[in-house]
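Note sheet for the following structure.
The values are calculated or read from the model by the stated rules, or taken from the named source; none is laboratory data. Everything numeric in this text was worked out from a predicted model, so none of it was measured. Cβ sites come from the backbone with ideal geometry, for glycine too, and all protein chains shown count toward neighbours. In case anyone asks, the SASA skips ligands and DNA or RNA and just uses the protein heavy atoms, side chains included. Shrake-Rupley method; radii C 1.70, N 1.55, O 1.52, S 1.80 Å.
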Amino acid sequence: MLGFLRKPVVVTAEINVNLVALTVLGLTSRLWGLSYPRAVVFDEVYYGQFVSLYMKRIFFVDDSGPPFGHMLLALGGYLGGFDGNFLWNRIGAEYSMNVPVWSLRLLPAVAGALCVPLAYQILVELHFSHCAALGAALLILLENSLITQSRFMLLESILIFFILLAVLSYLRFYNLQRHRSFSCSWWFWLLLTGVACSCAVGVKYMGLFTYMLLLATAGLHFWHMIGDQSFSNVSLMCHFLARALALIILPLALYLSFFYLHLTLLYRSGPHDQIMTSAFQASLEGGLARITQGQPLEVAYGSQITLRNVLGKPVQCWLHSHTNTYPIRYENGRGSSHQQQVTCYPFKDVNNWWIVKDPGMQQLVVSNPPRPVRHGHIVQLVHGITTRYLNTHDVAAPLSPHAQEVSCYIDYNISMPAQNLWRVEIVNRESDTDVWKTILSEVRFVHLNTSAVLKATHSCLSLQLSGASLPEWGYRQLEVVGEKLSKGHHQSMLWNVEEHRYGRSQEQKEREVELHSPTQMDISKNLSFMAKFTELQWKILTLKTEDTEHKYSSSALDWITMDTNIAYWLHPTSGAQIHLLGNVVTWASANAAALAYVCLSLWYLVRRRRRIWDTAEDAWQRWVSAGGIALGGWAVNYLPFFLMEKTLFLYHYLPALTFQILLIPVVLQHLSDHLCRSLLLQSMFSALLVAWFSSVYFVYCTFSPVTYGQPSLSGAELKDLRWKENWNILIRRQ
């Protein structure tokens with residue numbers, strides 16, 4: 001029974017020495033001197049803030065993309081024991097001793113290093129020679145710009161890693177398709193494709209470009225399978241469902257999980273949550289939750305409330321009034337009602353409190369039991385401090401003459417009666433009998449007499465051009481109007497109750513004391529994950545920070561010829577500095593390879609149309625597949641930037657460049673196999689390759705001092721590195 005123990009257990013394994021060597025070289029080139037410089041380098045000042053917020057569990061919103069990449073950077077900080085205490089306010093600032101610089105930069109560096117063996121394996125899976133694959137890997141290894149970008153706390157190297165992993169995984173899956181469908185390895189590589197695509201999109205939305213490319217490639221391959229009679233209908237359906245599961249459903253589920261983890265980690269209130277809705281803010285620990293904890297849920301007649309505009313940008317603001325009146329005449333000569341001003345005020349203030357009144361009763365307190373306000377009910381809104389009623393009439397608003405002025409009514413004994421009845425419309429209601437709820441309900445107030453809708457005008461295009469703030473007489477507060485030509489439910493017309501209490505004091509002096517006191521009643525207002533995800537995702541997609549011209553910003557056209565660079569870091573006393581600069585020979589070769597591929601492909605297509613076959617069918621298919629991945633990857637990661645209205649930098653081109661570099665050995669092997677037919681031509685071609693690769697290595701070594709930041713160069717040496725007039729190599733004055 002135990003006879004098997006008489007023989008030793010033997011495990012055999014195949015080790016690809018090329019892959020091992022390339023991985024070691026990649027790690028060496030990216031990890032060497034990783035803690036240098038021990039100072040904030042370029043966009044580390046941006047991403048470091050988010051790492052600190054993760055360490056402190058403080059909520060934030062970054063409009064640059066999803067949270068997965070930020071969480072990976074924060075993981076490095078967590079593994080290094082970072083407590084989040086560092087002021088990220090200046091590029092070049094020296095890191096304090098509590099900042100684990102090596103740990104924070106480790107994951108981007110490892111990701112950048114692993115791109116080297118990934119490039120090798122992608123060429124192998126495209127059925128090119130190991131020599132061509134080795135060439136692709138070495139070009140990635142010696143690309144100065146990729147080295148620089150991967151050695152700091154930045155996201156591009158992580159993005160490129162997941163992009164290449166997705167491409168490799170799909171190619172491995174596709175190559176297993178014919179003979180090992182639905183095997184364990186087949187499922188592994190298919191599922192890994194979906195995981196890598198989701199991770200790429202989760203790091204930066206630029207990953208979506210490669211994801212769409214792979215989806216299109218998978219769709220094309222499946223279209224060819226449909227025409228293959230060897231597949232039965234049941235088999236085709238199984239293949240389709242497997243691809244849908246792995247390439248669509250799984251990435252979506254993983255993408256949601258990134259946000260779930262993000263929201264789970266960041267449960268504390270912070271400075272960024274003010275752009276979120278009141279309901280979202282109330283779900284965070286501290287901040288608004290501390291103020292609103294225990295408020296009544298249902299708004300009733302007699303409720304004392306503050307009304308926050310749902311739009312929340314460019315700043316959050318609350319419906320507000322004060323004793324000052326509109327001027328009799330504005331600067332342009334138009335007249336006003338001279339009624340009490342109503343504005344939207346971007347700070348919490350006692351003058352933000354309003355009382356919900358039943359028009360048929362005089363009392364300003366909540367009855368027992370409370371009478372809740374429902375969708376469609378008519379109410380009056382009484383300003384808590386001045387006791388004047390919210391009113392609008394056919395008088396032009398001060399900054400928006402197409403809309404009605406909104407005021408608190410003062411009886412001047414003239415022929416302008418009060419018009420202070422408003423219909424409550426709950427926009428996000430589930431039924432027409434819904435009760436108006438604190439924080440949760442988004443409400444429109446429709447004026448009964450004129451059908452105008454209460455609106456904060458800080459989102460209007462006209463006001464963005466002229467300034468949304470009222471003049472000095474309005475204390476630079478934001479304008480509120482009655483919008484007569486309202487279509488749809490724009491967020492500037494929506495309001496939600498943020499702070500809420502049941503009014504108990506009928507006398508005005510007692511009521512003022514009550515309005516100054518905190519609320520203290522129990523009710524829970526937790527949002528579901530999907531509600532929080534939807535809101536956060538919408539904010540990320542729509543929140544636009546003001547784009548300003550940057551010293552090192554560039555256009556997409558500058559990238560191809562590398563007519564620009566970025567100074568990442570400068571030593572405060574010596575000439576040591578770090579620049580984002582590529583390997584000139586590699587960039588020029590990549591452009592030449594792309595041009596050669598397009599020209600050769602057009603030539604072959606024309607000749608194939610004439611029934612002239614210059615290459616065997618398997619070589620042609622290999623050529624087309626490689627171009628679809630390499631040239632297609634370059635195109636989808638580069639061309640969209642011509643349509644983007646945002647500040648662009650050279651590092652945006654690196655994913656496209658990586659694909660273009662993969663095209664170089666593809667074209668070189670094709671030229672060697674199909675054009676260099678004689679022994680003499682092959683020898684000459686090999687000699688040229690050696691000379692060309694030597695020049696790649698020479699340029700890498702030449703620019704290594706500004707890639708790694710050491711050794712320090714003299715002014716003359718730095719001047720010699722300025723190979724193009726547009727390159728901003730910094731030379732200190734002696």
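Sort out which residues of region 107-129 are polar (S, T, N, Q) and part of a helix (DSSP H, G or I), and write them in order of number.
Correct list: Q121 only.
Mind checking which residues of region 397-412 are touching a residue at least 12 places away in the same chain (Cβ under 8 Å) and either open to solvent by 70 Å² or more (accessible area, probe 1.4 Å) or hydrophobic (A, V, I, L, M, F, W, C) (or both)?
A397, L399, P401, H402, A403, V406, C408, I410, Y412
Looking at region 258-277 only, could you name the residues that are at pLDDT below 90 and either touching a Gly at 6+ places or on another chain (Cβ under 9 Å) or among the basic types (K, R) (or both)?
Once the filter is applied, which keeps residues that are at pLDDT below 90 and either touching a Gly at 6+ places or on another chain (Cβ under 9 Å) or among the basic types (K, R) (or both), region 258-277 yields R268, S269, G270, D273, Q274, I275, M276, T277.
Counting only residues that are under 18 Å from E442 (Cα atoms) and open to solvent by less than 20 Å² (accessible area, probe 1.4 Å), which one in region 359-379 is farthest from the chain's Cα centre (by Cα)?
Among them, the one singled out is V379.
Suppose the filter is assigned by the TED database to the domain that holds V696, among the β-branched types (V, I, T), over 19 Å from L247 (Cβ atoms) and modelled with pLDDT of 95 or more; does I160 pass it?
yes
Only one of these is surrounded by fewer than 24 Cβ atoms within 10 Å (Cβ to Cβ) and within 25 Å of the chain's Cα centre (by Cα): F128, F60. Name it.
Only one candidate qualifies: F60.
What pairs come up if the first residue lies in region 140-169 and is more than 23 Å from A626 (Cβ to Cβ), the second is of a type in the set (S, T, Y) and not in a helix (DSSP H, G or I), and their beta carbons are under 7 Å apart, counting only those six or more places apart or on different chains?
Cβ pairs passing all conditions: T148/Y568.
Quick one: L168 ticks every box in (1) over 24 Å from A635 (Cβ atoms); (2) open to solvent by less than 30 Å² (accessible area, probe 1.4 Å) bar one, so which box is it?
Failing condition for L168: (1).
Looking at D394 and the list (1) out of contact with any Pro (no Cβ under 9 Å at 6 or more places or on another chain); (2) in contact (Cβ under 8 Å) with a residue 12 or more places away in the chain; (3) under 19 Å from V435 (Cβ atoms), which single condition is not satisfied?
(3)
How many residues are assigned to a loop (DSSP other than H, G, I, E, B) and touching a strand residue (DSSP E or B) at 6+ places or on another chain (Cβ under 8 Å) when one looks only at region 366-382?
Qualifying residue count for the region: 8.
Among what's in region 333-358 and is more than 37 Å from the chain's Cα centre (by Cα) and open to solvent by 50 Å² or more (accessible area, probe 1.4 Å), pick the residue that is farthest from Y475 (Cα to Cα).
R334
Of all residues in region 318-332 being among the hydroxyl-bearing types (S, T, Y) and outside any strand (DSSP E or B), which is farthest from L478 (Cα to Cα)?
Y330
Considering only region 284-301, I want to know if a residue exists there that is more than 30 Å from S528 (Cα to Cα) and either in contact with a Gly (Cβ under 9 Å, 6 or more places away or on another chain) or part of a strand (DSSP E or B) (or both).
Looking through region 284-301, none of the residues is more than 30 Å from S528 (Cα to Cα) and either in contact with a Gly (Cβ under 9 Å, 6 or more places away or on another chain) or part of a strand (DSSP E or B) (or both).
List pairs: first in region 171-199 and assigned by the TED database to the domain that holds G65 and in a helix (DSSP H, G or I), second open to solvent by 60 Å² or more (accessible area, probe 1.4 Å) and of a type outside the set (V, I, T), Cβ under 7 Å, 6+ apart or cross-chain?
W186/R180; W189/R172
Quick check on V10: is it more than 23 Å from L114 (Cα to Cα) and either outside any loop (DSSP other than H, G, I, E, B) or in contact with a Leu (Cβ under 6 Å, 6 or more places away or on another chain) (or both)?
The answer is no for V10.
Looking only at residues in region 452-469 that are in a loop (DSSP other than H, G, I, E, B) and at pLDDT below 90, which one is farthest from V373 (Cα to Cα)?
G467
Taking region 220-257 as the region of interest, how many residues are closer than 19 Å to N175 by Cα, among the small types (G, A, S) and either at pLDDT 95 or above or not in a helix (DSSP H, G or I) (or both)?
So the count comes out to 5.
Can we say F188 is among the hydrophobic types (A, V, I, L, M, F, W, C), open to solvent by 40 Å² or more (accessible area, probe 1.4 Å) and over 30 Å from G92 (Cα atoms)?
Here the answer is yes, as F188 does meet what is asked.
Say we look at region 258-267 and pick out the residues that are in a helix (DSSP H, G or I) and among the aliphatic types (A, V, I, L, M); which of these is least open to solvent (accessible area, probe 1.4 Å)?
Ranking the candidates gives L263 first.
So for region 214-232 (the condition being in contact (Cβ under 8 Å) with a residue 12 or more places away in the chain, closer than 25 Å to G69 by Cα and surrounded by 15 or more Cβ atoms within 10 Å (Cβ to Cβ)), does at least one residue qualify?
yes
Out of all the residues in region 84-106, is one or more outside any loop (DSSP other than H, G, I, E, B) and crowded, with 24+ Cβ neighbours inside 10 Å?
Yes, region 84-106 contains at least one residue that is outside any loop (DSSP other than H, G, I, E, B) and crowded, with 24+ Cβ neighbours inside 10 Å.
So, L154, is that one surrounded by 24 or more Cβ atoms within 10 Å (Cβ to Cβ) and assigned by the TED database to the domain that holds L208 or not?
Criteria met by L154.
I need every pair where a residue in region 413-437 that is farther than 22 Å from L390 by Cα has its Cβ under 6 Å from the Cβ of a residue that is buried (at least 19 other Cβ atoms within 10 Å of the Cβ) and β-branched (V, I, T), sequence separation at least 6 or different chains.
D434/I426
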